[in-house]
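One structure is given below, encoded as structure tokens.
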Amino acid sequence: TGDRGYAPFEQFYKIKYSNDFTKRFSIDMYHLGSLFFSYFLQMSATQSITLNLKKANNKIPLGKDFTHDLPLIINAFQDSMIALETELSKYLTKTLAETISIINELCHPDPDKRGNPKTFIRSYGQFDLQRYISILNKLAKYAEMDCL
């Protein structure tokens, strides 16, 4: 708790959420997706994005203007996703595209685009973690059968 190296970028800007439920689930989704970065790239999603911002020489004074900075953060995120996909491709074949899609949905820097794009599913809308748990369970079953 409190380590900015794991916080989603909107927390640097103190973005207001419509309610605490939305804030908590959006941040939880980001942290869940960031576990993939931690496991395969040995750094959090935030650390990877920050590294790519520095590589692109984008010195963003985080906390000033989220709307202005978001395109740069998204570009750095896309570079991070390419690095993650390259690493995951060493281990996954059949499930690579689905895994990358899940991570992209969970860790998207724009909190409005984070989560399930099919917002009509269940009462939790885009923040329905049951969908991700089901998909990850399916991927685990593939792993057990050596079908990755």
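The values are calculated or read from the model by the stated rules, or taken from the named source; none is laboratory data. Please read these numbers as outputs of a predicted model, since none were measured by experiment. Glycine also receives a Cβ, built like all others from the backbone with ideal geometry; neighbour counts cover every protein chain displayed. Quick note on the areas: whole protein, heavy atoms, side chains included, nothing else; ligands and nucleic acids left out. Shrake-Rupley method; radii C 1.70, N 1.55, O 1.52, S 1.80 Å.
Does segment 88-105 contain any residue that is within 18 Å of LYS55 (Cα to Cα) and surrounded by 15 or more Cβ atoms within 10 Å (Cβ to Cβ)?
no
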>> Checking the structure you have, find out if any residue of segment 15-34 is farther than 25 Å from LEU129 by Cβ and either assigned to a helix (DSSP H, G or I) or not hydrophobic (A, V, I, L, M, F, W, C) (or both).
In response: no
> Tally time: how many residues in segment 8-21 are surrounded by fewer than 17 Cβ atoms within 10 Å (Cβ to Cβ) and within 21 Å of ASP69 (Cβ to Cβ)?
Replying inline: 5
> Name the pairs: first residue in segment 18-41 and free of Cβ contacts under 8 Å to residues at least 24 places away in the same chain and hydrophobic (A, V, I, L, M, F, W, C), second residue open to solvent by less than 50 Å² (accessible area, probe 1.4 Å) and not in a helix (DSSP H, G or I), Cβ to Cβ under 7 Å, at least 6 apart or on different chains?
Replying inline: ILE27/PRO8
> Has segment 57-72 got at least one residue that is over 21 Å from ASN116 (Cα atoms), among the aromatic types (Phe, Trp, Tyr), buried (at least 17 other Cβ atoms within 10 Å of the Cβ) and modelled with pLDDT under 95?
Replying inline: yes
> Going by the structure shown, is PHE120 outside any helix (DSSP H, G or I) and either crowded, with 17+ Cβ neighbours inside 10 Å or at pLDDT below 90 (or both)?
Replying inline: yes
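Return the residues of segment 54-113 that are part of a helix (DSSP H, G or I) and among the polar types (S, T, N, Q); say none if nothing qualifies.
The answer is THR67, ASN75, GLN78, SER80, THR86, THR99, SER101, ASN104.
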